[in-house]
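Right, one structure below, let's go through it.
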């Protein structure tokens, strides 16, 4: 029982951290969009634009899911997928899909567009299972209604 409560705490802490990072990323994207729209810069021999930065942020966000999963697995000593993994997946997929929409790249759009729907469905299944586990016996009142 104690192991379960500590695992829930880790997931909740990871979710709060995930939300804070996502807010930071979205604020950074807004600043970049306002100051950099339509401009290209050359730095370190590479062409940089707001689209390149958007793509890199999307790729980094999407890749964070693997780091989150690895840390959670190391803490538990077994392979686990924390709930924050799905939030990072959704955020990264949406940003990458936007990147490919702005680039007008149908291959990239089709690669990332359906992913978010699948990740949202996984979260719905997890939530449904969580409520099913906390459901009361027929003679009791369910906790969700209190």
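Distance between the pseudo-spin-label points of residue 125 and residue 78 (7 Å out from Cα toward the beta carbon): 1.9 nm.
For residue 27 and residue 51, calculate 0.36 nm times their separation in residues minus their Cα-Cα distance, and state this gained length in nm to one decimal. All intermediate terms of the calculation are to be shown ahead of the outcome.
On the way: separation 24, 0.36 × 24 = 8.64 nm, distance 1.57 nm.
Length difference between fully extended and current span is 7.1 nm.
At a 10 angstrom cut-off on C-beta neighbours, averaged per residue, how do the peptides 49-60, 105-116 rank from highest to lowest? All intermediate terms of the calculation are to be shown ahead of the outcome.
Details: 49-60: 17.0, 105-116: 14.2.
Ranking, from highest mean packing down: 49-60, 105-116.
Report note on the peptides 117-130, 88-101: ranked by the mean count of other C-beta atoms within 10 Å, highest first, their order is 88-101, 117-130.
Bear in mind these aren't lab numbers, they're just calculated from the coordinates by the rules spelled out. Note that the structure is predicted; figures quoted are calculated from it, not measured. Because the Cβ atoms are built from the backbone with ideal geometry, glycine has one as well, and the counts that use them run over all protein chains shown.
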